[in-house]
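The values are calculated or read from the model by the stated rules, or taken from the named source; none is laboratory data. Being a predicted model, the structure only gives us computed values, none of them experimental. Cβ sites come from the backbone with ideal geometry, for glycine too, and all protein chains shown count toward neighbours. Ligands, DNA and RNA are stripped out before the accessible areas are found, and what is left, the full protein with its side chains, is counted by its heavy atoms. Shrake-Rupley method; radii C 1.70, N 1.55, O 1.52, S 1.80 Å.
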Amino acid sequence: MTYPNVESVSSSSNRLIIDELDYDIPVIKNDFDRMFLALTNEQRNIFLNIMSAVKENKGGVFFVYGYGGTGKTFLWKTISAAIRSDGNIVLNVASSDGELVSLLRKTSLIIWDEAPMIHKHAFEALDRTLKDVLRCGNSSISNIPFGGKLLSLEEISDRFFEFIIFMATLQREGRLGGLNDGETIIDIPDDILINDPDDLIGSLIKFVYPSILEKYSSTDYFQERAILAPKNEVVQEINDRLLKKFPGDEVEYLSSDSICESEFVHDQFDANLYSPDVLNGLKVSGLPNHKLVLKIDVPVMLLRNIDQKNGLCNGTRLQVISLGKRVIEARIITGTNIGNRTFIPRMSLTPSEKKIPFKFTRRQFPLAVCFAMTINKSQGQSLSKVGLFLKDPVFSHGQLYVTLSRVQSREGLKLLILDKYGRLTNKTSNVVYKEVFRNL
């Protein structure tokens with residue numbers, strides 16, 4: 001008998017490799033044939049260049065950028081289908097663990113989304129890591145970028161550069177005033193402002209969700225629109241208002257909250273100070289509230305990674321199909337698994353919030369209503385209708401850019417801006433590093 005292939009034997013016990021190769025090749029080939037015919041000339045040129053590098057095992061780095069909605073995701077799906085139909089692996093960069101080394105060695109293409117938003121140290125770390133794990137006695141790999149692996153970087157939009165030039169122009173024209181360090185004032189054009197004094201939030205809702213009571217059952221209605229705000233309190237306010245307006249009966253789910261057992265080892269910790277009512281009242285970023293109220297067909301957002309392979313990741317949006325006592329059935333409306341149905345169970349969640357002086361566990365469905373969402377949660381999504389409610393200004397670098405780059409056209413954007421007295425205004429502060437303006 002011949003000796004077994006050591007690499008094949010070790011791969012058979014690697015969960016990551018097994019998951020990545022667990023697909024139906026005939027189905028993948030059919031998907032590829034259909035998608036390849038739908039590629040534009042520009043997409044086809046990119047496809048052929050990347051596939052040539054994959055087949056010749058040349059390695060290299062490709063950078064693809066374009067406006068939201070121009071087909072970047074469709075292009076990646078086509079490339080992934082082509083590679084997987086030959087039994088190879090396409091890796092979307094994510095967190096690592098002990099089995100990732102073997103997976104990296106078998107990977108043909110690495111796709112890195114939102115690449116320009118990543119610090120350069122992350123690219124340097126990946127470069128060093130790939131050179132290290134792929135060297136395998138070949139010292140020449142030390143001189144090849146990313147260990148010879150093919151890396152494709154994606155940028156969500158080139159509107160960032162337009163936005164920077166726009167701000168620089170305002171600064172030169174004297175329309176951009178200074179605030180604290182790292183802040184500037186931006187004068188927003190009137191045509192993208194909400195200025196109806198009678199019902200400000202109502203006007204914003206009407207713009208983003210026109211005829212919501214007639215169209216909410218459409219499969220792509222909630223997929224392409226959202227209201228954004230910097231803070232969770234404002235998001236909650238809008239979601240509550242739209243939920244009440246939405247047809248159907250409400251179903252209320254209450255969480256079970258308890259102090260983590262690890263806290264009881266501390267002699268000075270008094271559990272009596274933290275009654276269930278106190279724990280129930282805690283609202284923590286990234287954690288579902290104690291009381292979750294839902295209706296059929298309402299859009300919701302997943303707050304935890306459950307099954308990344310099947311598209312159930314933190315930030316995935318879904319639409320409720322049925323509300324059970326132990327599980328909630330929903331349809332995925334964003335990502336790569338649009339249309340798939342899934343069941344969401346209750347989960348025991350522990351917040352990572354450092355401001356809370358103790359650890360507690362909340363058992364609740366990891367969901368939140370998402371007619372509106374925070375700006376940070378919207379990153380990476382491409383929408384046709386965006387309403388931005390700035391009851392308070394953005395508070396971190398890049399937030400305003402993230403919002404403006406979600407929408408595919410100027411006509412699909414409206415801003416509602418209030419000053420510190422709650423009055424309508426056309427100015428807002430933008431947190432940005434002033435070094436950006438140098439040499440412009």
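Observations on the model:
- Cβ-placed point charges (K, R +1; D, E -1), dipole of the range 236-366 about Cα centre in debye, nearest 20: 560 debye
- Placing pseudo-labels 7 Å out from each Cα toward the beta carbon at Val251 and Asp392 gives an inter-label distance of 3.4 nm.
- Summing charges over all other residues whose Cβ lies under 12 Å from the Cβ of His290, with Lys and Arg as +1 and Asp and Glu as -1, gives +1.
- Accessible area expressed per residue, the range 247-363, with surrounding protein chains retained (probe 1.4 Å, Å²): 57 Å²
- Computed FRET value (nearest 0.05) for Asp86 with Arg423, which takes r as the C-beta separation and R₀ as 56 Å: 0.35
- Accessible area of Arg105 in the full protein assembly, 1.4 Å probe (Å², nearest 10): 110 Å²
- Area of Leu254 that stays accessible when all protein chains are in place (1.4 Å probe, Å², to 10): 90 Å²
- Spatial separation of Cα centroids for the range 300-340 and the range 366-404, in angstrom: 19 Å
- Separation in nanometres of the label points that stand 7 Å from Cα toward Cβ, at Glu124 and Glu214: 5.8 nm
- Stretch gain in nm, segment Asp190-Phe63, where the contour uses 0.36 nm per residue and the Cα spacing is subtracted: 42.2 nm
- Rounded to whole Å, sorted largest first: equivalent-ellipsoid semi-axes of the range 316-376, Cα gyration tensor: 25, 16, 9
- Carbon and sulfur %, accessible surface of the range 284-440 computed with the full protein complex present, 1.4 Å: 49 percent
- Surrounding net charge for Gly422, when Lys and Arg each add one and Asp and Glu each subtract one, Cβ distance under 11 Å: +1
- Charge tally around Asp220: other residues with Cβ under 13 Å, Lys/Arg +1 each, Asp/Glu -1 each, net +4.
- Note on Ser285 and Arg331: their simple-model spin labels are 3.3 nm apart, each label 7 Å out from Cα toward Cβ.
- Contact order normalised by residue count of the range 222-335, Cα under 8 Å, 6+ apart, percent: 22 percent
- Counting only Cβ charges, +1 for Lys and Arg and -1 for Asp and Glu, the dipole size of the range 308-370 around its Cα centre is about 220 debye.
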